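Here's the structure, in structure tokens; my notes come after.
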Amino acid sequence: MNESGGTILYGANNIFLVRGPEGILQCRIKGKVLSGGKGDYNPLAAGDRVRYRPDPGNPGNGVLLEREERRNALARWNRKGRAPQTLAANLDLVVCVASPHSPPFRPRFLDRLLVACDREGIPGLVCLNKIDQGSAPWIDERLEDFRARGVPVLLASAAENRGLDILRDRIRGKRAVFVGQSGVGKTSILNRLLPGVWRKVGRVCEKYNRGSHTTVLAHLEEWEGGELIDTPGVREFEPHGIPPDELRFLFQEFAGPSERCAYPRCTHSHEPSCAVREAAESGEILPDRYESYLRIFDLLSLRERRAP
Ligand SMILES: Nc1nc2c(ncn2[C@@H]2O[C@H](COP(=O)(O)OP(=O)(O)OP(=O)(O)O)[C@@H](O)[C@H]2O)c(=O)[nH]1
Ligand SMILES: [Mg+2]
Ligand SMILES: [Zn+2]
């Protein structure tokens, strides 16, 4: 039978659901390594375009042949696997979900997600869910700082069905992925947008995955002319594929002060007479943003030194 092109909806343990012209098929990777996915922690992610061959003797099944080139991808460094792990691919929008108190607000986690979005040229937005639990001045200050740099910030409560119309308007017609720490309410929000579907998908994932959560990929559902992707919560998000000395360009607010740094190629990490550090000390730049930058810079530098 002929080859077809399709989109990965989700997968686990080498069984992937692919949406193609024949409908939705269960596919396996042919051989050990998928062409196009070498060296990755996971060769395929939700949203990937693939080539596959339907199995004529086994309707509804097929074999994956190749991953097509990605337009973009949201990937993190997987420490355990020592390889980049793609959460979702070919995206129009990343919805970075957070909550104010449980789990606690972690702005540096959002910084890392947004750095990865920026680097890939994918628009990102911040959705603070669980606002029924209230906010705090330091959280509001951090959110205001995102807004000041053009990152949309939405306040929502999936529990009380508040603030979700604005989110609907933002994501309609797009392929949007929901990411964030475990427990912030990604699936709860998606259940409000597309009732019923996500629980069902969760059960299917569990079946393929023999009850464990570790290898379940994100999954994709069609919604109002676009597509929504839910992802399992991640504890850490280490950006991947950013040279340390290019990180500074992803912290836009450093641009102005950096013109006053003593060294023209100052990385704002250790150099004397660094105007960015001074700006953080004087409050012109949010000190926590500078701290956040330093932490990412260290991570990226360490990984670069360890690379073969
Ligand atoms: N108070 C309050 N609780 C909420 C809200 N949204 C979700 N929750 C609760 O938070 C818990 C976690 O919600 P989930 O939607 O499973 O969170 P998740 O981000 O999908 O978590 P992972 O799938 O583990 O990454 C559940 O007990 C929800 O009922 C909200 O707006 N307010
Ligand atoms: Mg979830
Ligand atoms: Zn500097």
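A short reminder: the numbers here are calculations on the coordinates, not readings from a lab. Values in this document were obtained by computation on a predicted structure and should not be read as measured data. Cβ: placed from backbone, ideal geometry, glycine included. Neighbour counts: every protein chain shown.
Only counting other Cβ atoms within 10 Å, I'd like Val153, Val184, Val115 sorted with the fewest neighbours first.
In increasing order of surrounding Cβ atoms, one gets Val153, Val115, Val184.
Per the Debye formula with a single identical scatterer at each Cα and no solvent contribution, what log10 I(q)/I(0) holds for segment 1-95 at q = 0.14, 0.23 Å⁻¹?
-0.48, -1.18
Sequence gap of 8 or more, or different chains, plus Cα separation below 21 Å: how many lysine pairs satisfy both in the chain?
6
Which whole-number percent gives the relative contact order of the chain, counting Cα pairs below 8 Å spaced six or more residues apart?
The value is 16 percent.
Work out the FRET efficiency for Arg108 and Gln252 from their Cβ-Cβ distance, taking R0 = 22 Å, and round it to the nearest 0.05.
The formula returns an efficiency of 0.85 here.
Normalised by the number of residues in segment 4-67, what is the relative contact order in percent for Cα pairs under 8 Å and 6+ residues apart?
After rounding, I find 36 percent.
Please state the charge dipole magnitude for the chain, taken about the Cα centre, from unit charges on C-beta atoms (+1 on K and R, -1 on D and E), reported in debye and rounded to the nearest 20.
Here the size comes out at about 1220 debye.
Grab the Cα-Cα distance for Asn58 and Glu141, subtract it from 0.36 nm times how many residues apart they are, and report the gain in nm with one decimal.
Between Asn58 and Glu141, full extension yields 24.2 nm more.
Can you give the angle from 0 to 90° between the axis of helix 137-148 and the longest principal axis of the chain, with both taken from C-alpha atoms, to the nearest 10?
Relative to the chain, helix 137-148 is tipped by roughly 80 degrees.
Let me have the 222 nm mean residue ellipticity of the chain computed from DSSP H runs of 4+ only, each contributing -39500 (n - 2.57), with the sum over all residues rounded to the nearest 500.
Calculated at 222 nm, the ellipticity per residue is -8500 deg cm²/dmol.
Name the trypsin sites (Lys or Arg not before Pro) in segment 59-151 that are in a loop by DSSP and that have at most 15 other C-beta atoms within 10 Å, would you?
Those that pass, being in a loop and sparsely packed, are Arg71, Arg79, Lys80, Arg82, Arg149.
Filter the GluC sites (Glu not before Pro) in segment 95-175 to those in DSSP coil with at most 15 other Cβ atoms within 10 Å of their Cβ, and list the result.
Glu160
Quick one: if the Förster radius is 22 Å, what FRET efficiency do Arg235 and Asp298 give, using the C-beta to C-beta distance and rounding to 0.05?
Once the sixth-power term is evaluated, E becomes 0.75.
Calculate, axis by axis, the spread of Cα positions in the chain along the three principal axes, and write the results as whole Å, longest axis first.
70, 50, 32
Quick one: length gained pulling Glu259 to Asn161 fully straight, 0.36 nm per residue minus the C-alpha distance?
The span from Glu259 to Asn161 would gain 30.7 nm if fully extended.
Counting just the Cα atoms, what span does segment 226-307 cover along each of its three principal axes? Round to the nearest Å and put the largest first.
Computed over segment 226-307, the largest-to-smallest principal extents equal 45, 32, 23 Å.
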